[in-house]
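Working notes, structure below.
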Amino acid sequence: MLYLSEILIQNPDLESFEDLKDALIILAREGELFFRMDVKPPFPDTPSNWEDRLEAVFTSVR
């Protein structure tokens with residue numbers, strides 16, 4: 001299980017929501033099967049529909 005909080009902790013160099021999406025694509029390609037959004041991304045450019053957008057990114061790689 002891949003948690004959003006783990007991505008953020010393990011990648012402190014992420015500076016934007018777009019960076020987060022790129023990191024999520026890499027992790028999804030590495031074979032993670034499940035993704036849980038347990039925190040809201042802390043970036044100023046995080047959109048209001050961030051959950052839908054991250055889910056779409058993750059499932060598009062599957």
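Considering Glu30, Glu55, the condition of being loosely packed, with under 11 Cβ neighbours inside 10 Å and acidic (Asp, Glu) is satisfied by Glu30 alone.
The residues of the stretch 26-53 that are in contact with a helix residue (DSSP H, G or I) (Cβ under 6 Å, 6 or more places away or on another chain) and among the hydrophobic types (A, V, I, L, M, F, W, C), listed by number, are Ala28, Phe35, Met37, Val39, Phe43. The set of residues in the stretch 13-30 being of a type outside the set (A, V, I, L, M), under 11 Å from Pro42 (Cβ atoms) and out of contact with any Ser or Thr (no Cβ under 7 Å at 6 or more places or on another chain) consists of Glu15, Ser16.
All of the numbers you see were taken from the coordinates with simple rules; none came from a lab. As the structure is a computational prediction, the values presented were derived from the model and not from experiment. Cβ: placed from backbone, ideal geometry, glycine included. Neighbour counts: every protein chain shown.
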